[in-house]
Amino acid sequence: MGTKESIKEQTKSRVKIPRQYQVLIYNDDFTPMDFVVEVLMRIFDKEEKDAVVLMLSIHKGSYAVAGVYPKDIARTKAAEAVQWARAEGHPLKVEAVCQP
């Protein structure tokens, strides 16, 4: 094995895939369902039908995964959703957590 081939092998083995983060939206008794659907459509790029299904999943359970993204994108989307909710007077809880 030549020196160039050895270096190529070492370089390839060092590349790591970035950790993915789940953006979780939690159920509460105060945020309107229509608002949650709007958040899912505008911030998480869901189609209306998918957003309604996901909203109902959040409503019936304690939370649901709105999307899975690299760390920076997940945190930005979560912060944007919370900021919009607060501006509208809703206590919606959204957070980015490291995917297991």
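For Q20, what residues show an amide H to amide H distance below 5 Å, using hydrogens built from the backbone and excluding near sequence neighbours?
Amide H neighbours of Q20, under 5 Å, 5+ apart: Q99.
Roughly how many debye, to the nearest 20, is the charge dipole of the chain about its Cα centre, given +1 on each Lys and Arg Cβ, -1 on each Asp and Glu Cβ, and no other charges?
760
Which one, [x] 7.9; [y] 6.6; [z] 8.2, gives mean projected area of the Cα convex hull in nm² as derived from the coordinates shown?
Structure-derived value, by its label: [z].
With a Förster radius of 25 Å, plug the Cβ-Cβ distance of E80 and V15 into 1/(1 + (r/R0)^6) and report the FRET value to the nearest 0.05.
0.25
With θ set to phi - 60°, apply the Karplus curve 6.51 cos²θ - 1.76 cosθ + 1.60 along the range 19-30 and write out the HN-Hα couplings as whole Hz, x wherever there is a Gly or Pro.
Ordered by residue, 3J(HN,Hα) equals 5, 9, 10, 8, 9, 9, 10, 9, 6, 8, 8, 10 Hz.
Taking 0.36 nm per residue of sequence separation and subtracting the Cα-Cα distance, how much length would be gained by fully extending the chain between S57 and D72, in nm to one decimal?
That works out to 2.9 nm of additional length.
Compute the signed sum of charges (Lys and Arg +1, Asp and Glu -1) over the other residues within less than 14 Å, Cβ to Cβ, of D72.
Net charge in that neighbourhood comes out at +3.
When the Karplus curve 6.51 cos²θ - 1.76 cosθ + 1.60 is applied with θ = phi - 60°, which whole-Hz ³J(HN,Hα) does each residue of the range 36-48 get, with x for Gly and Pro?
Per residue, the Karplus-derived 3J(HN,Hα) values read 4, 4, 4, 4, 5, 6, 7, 8, 9, 6, 8, 6, 4 Hz.
Compute the helix-to-body angle for 71-87: its Cα long axis versus the longest principal axis of the chain, expressed 0 to 90° and rounded to tens.
10
Taking amide H positions as placed 1.01 Å from N in the peptide plane, with prolines and chain starts having none, which residues 5 or more places from A66, or on another chain, fall under 5 Å of its amide H?
Residues meeting the amide H criterion: V23, L24, I25.
How far is the Cα center of the range 55-89 from the Cα center of the range 12-53, in Å?
Value for the Cα centre distance between the two parts: 5 Å.
Return a single number: how many Lys pairs in the chain, at a sequence separation of 8 or more or on separate chains, have alpha-carbon atoms below 24 angstrom apart.
Pairs that pass both the separation and distance tests number 17.
Throughout, read-outs are computed from the coordinates displayed, never taken from laboratory work. In this text the structure is predicted, and so the values were computed from the model without any measurement. Note that each Cβ is placed from the backbone with ideal geometry, even for glycine, and that neighbours are counted across all protein chains shown.
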